[in-house]
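A quick write-up on the structure given underneath.
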Amino acid sequence: MEISNLPISPSLRSKLLAKGYTNLSSLSPLSPSILAQELSIQCEEAIEILRAIPHATTSKNAYTPHGIIPGAVTAWDMLSEEQMQRHISTGCNDLDTILGGGIHCKEVTEVGGVPGIGKTQLGIQLAVNVQIPVEYGGLGGKAVYIVDTEGSFMAERAYQIAEGCISDILDIFPSNSREFLSCKERLRANNFLDGIFYFRICSYTEQIAVINYLENFLTQNKDVKLVIIDSVTFHFRQDFDDLAQRTRVLGGLSLRLMKLSKTFNLAVVLLNQVTTKFTDGSFQLTLALGDSWSHSCTNRIILHWNGNERCAYIEKSPSLPSASAPYLVTGKGIRGINSNFKRARTMPS
Amino acid sequence: MLFTAASSASIRDPDSIPQSSRDSFAKPQHPLPIPIPLQLLLPHPKLSLGCPILSRLLAGGLPVGTITEISGESASGKSQLCLQLILSSLLPPYLGGLGASSLLILPSLLPSSSLLRRLSLLPSPLHISPLDHIFVASAQSPEHLMMLLYQADRLFEKSPGKMPVRLVVVDSIAAIFRSEFENNLGDLKSRTGMFFRVAAKLKDQARKFGAVVVVTNQVVDVMGPEVAGDGGNNHHIGPVLWSSGRMVAPAMGLSWANCINTRIFLSRSDEVAAMGVNGGEAIVRTKRTMEVVFAPHVPRSSCEFVIRKDGVFGLELER
């Protein structure tokens, strides 16, 4: 929306333009008094200008007659935008299928499972896969990886997974194709490592501080498309005696993360531990941090053992049916059972 | 013993927590967090297991800065492997060691003398007398263990010996925890809390001082799913582990498993290697297996090993 379309008197408009205001977004954060000072006009006039803005913003959607509330979009717009979105592949086709293409941007996804099931592996895999260049069907974004005391993140493993990812890309796209030549430079494991912003935290105070700081960080690094918190749980499980307090702090945390995911159009993935819960006379596995926390994520995926097979199960999702898919953790990272099966078996340990 | 009160007060004081969390939501007190370039973290330093085959199973050894659990039934070779790690840590880094002394924490000092005697019998690398480079302490209770760990901070910062302390071995952690707690809900909860505190402290030290933490653990028998029906929740936790023909799982359950990075499982089973000649006794061979149940850097894998007088060695099987 341009200033020139603003329904205000032409003299005010020319004053605005003279001062370099061409865009509505540059106007909206201003207060009337500052604007008045800036343009050397009456305060009332400044108020008049600012009042005109939200009205104008709605008429931005002039082609859709539903823009009644400022900032509102129609479900149709949302749907078409969602269909335009690319998703972050997990590396396992079956899992991508039940997730509707992969991990979605603008959503908070929680992944939980028993120790050793591959939560961190999935996290690293996503941090690598989000960087697959657009030409190869990826997002070409970057990742923020926040590791707490518990997290088993290892740079060495990230390097291996990046190499595995690159070699798979090269299998699918033969090396002599034109696309390959254009982004040959980017397909190096070291570049993938550089695309992961790795934060380490040692207490939940630091955890909150980093998440508060993220907004700043993401404003400066707009290409970040994925934020992973490797275990939201550890510090919250050990440091809190007052559960009501913990619920409030966690509530604030999840609101912030939701807001970040929407504002910056990125995916947030939280890794969580599982714990046992006593229901109906038997102990069941459930994600840690309690019931109120379970409402704070858009999607929940539980990783579990099914005999000797690893399985991912969608426990909660607003748009997807509950389903489960088997997956493998191989030397190259997360892979499907069927694809690359032979290669997965022969990976050196 | 002097600073027990102060240190335990600082970790326990619940009043300090809500205040600080409220503050941090308003404005971060810390300097701005800076992402760490991952390439600086390559390659990850590791402590060799003292045998090339076993080390290869772990892609070089136990990663520095993490907690490794070695679990197995009695006489499966846990202590033996720990001793070998202690020896290996004395080696300089280019030989797979840490160039460091170690801290050994035992449930009680009595059996340690036999452990240490065994150590003195092992061939020592570089003509260093290993016993000069081990600090031994005993922990009778989880609180005591916690206190020892706080005291160990000073040991890490300034070792009294020639070499810094970079390896912590906590022998049979379950024995330290088992005696203290009743099997009721309140005690189980405080036990879990204690797990997290001990693990957090260990990990903090591992990371801050670039140390390797090794914890040995016992195993408990598992009722199979066919016995316990759907209620047997242990089979969710992972594929079953077998030792001596029994289905087992490392002790202390799920909450402890959340605290460790790497789990190594040692199993043994007696098998008949050869039938006895003309009715004599069959020759029974103990087949020992080391399995990496989970690790941050290697897939699940396993390998057979033998315990000889001069140490623990992996066997390369031709397939």
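The values are calculated or read from the model by the stated rules, or taken from the named source; none is laboratory data. None of these values were measured; they are calculated from a predicted model. No Cβ is skipped: glycine too gets one built from the backbone with ideal geometry, and neighbour counts run over all protein chains shown. To get the accessible areas, we keep the full protein, side chains included, count just its heavy atoms, and leave off ligands, DNA and RNA. Shrake-Rupley method; radii C 1.70, N 1.55, O 1.52, S 1.80 Å.
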Violations at 29 Å Cα threshold for listed pairs A:K277/B:K46; A:K332/B:K309; B:K162/B:K201 -> A:K277/B:K46; A:K332/B:K309
Taking 0.36 nm per residue of separation between A:E82 and A:L17 and subtracting their Cα-Cα distance, the length gained on full extension comes to 19.8 nm
Once you average over the residues of A:156-167, how many Cβ atoms of partner chains fall within 10 Å of each Cβ? 3
Local electrostatic count, B:A251, Cβ distance below 11 Å [Lys/Arg +1, Asp/Glu -1]: -2
For the pair B and A, how large is the buried accessible area, both sides, in square angstrom to the nearest 100, if the probe is 1.4 Å? 5000
Residues of the stretch A:306-330 with backbone nitrogen within less than 14 Å of a virtual label 7 Å along the Cα-to-Cβ line of A:D171, please, listed as ranges. A:328-330
Counting every C-alpha pair in the stretch A:85-345, the percent lying more than 32 Å apart is 19
Calculated from backbone phi, Karplus (6.51, -1.76, 1.60) coupling profile of the stretch B:249-254 in Hz, x at Gly/Pro: 9, x, 5, 6, x, 5
B:M194 - accessible surface, heavy atoms, 1.4 Å probe, Å² rounded to 10: 0
If amide H atoms are modeled at 1.01 Å from N in the peptide plane, then the residues at a separation of 5 or more from A:A267, or on another chain, having amide H under 5 Å from its own are A:K106, A:L226, A:V227
What accessible area, in Å² to the nearest ten, does a 1.4 Å probe give for B:W242? 140
On average, how many beta carbons from a partner chain sit within 10 Å of the beta carbon of a residue in B:199-207? 3
Protein-only accessible surface order, largest first, of B:H133, B:H297 at 1.4 Å: B:H133, B:H297
In a shell of Cβ-Cβ distance under 11 Å around B:P164, excluding B:P164 itself, what net charge do Lys and Arg (+1) and Asp and Glu (-1) give? +2
Averaged across B:249-261, how many Cβ atoms of other chains sit within 10 Å of each residue's Cβ atom? 4
How big is the Kirkwood radius of the stretch B:41-171, worked out from every pair of different alpha carbons and given in Å to one decimal? 15.3
Give the shape of the stretch B:44-314 as rounded, prolate or oblate, defined through the alpha-carbon gyration tensor: a ≥ b ≥ c are the square roots of its eigenvalues, a/c under 1.5 means rounded, and otherwise the shape is prolate if a/b is larger than b/c and oblate if not. oblate
Taking K and R as +1 and D and E as -1, what net charge do the other residues with C-beta under 12 Å from the C-beta of A:S261 add up to? +3
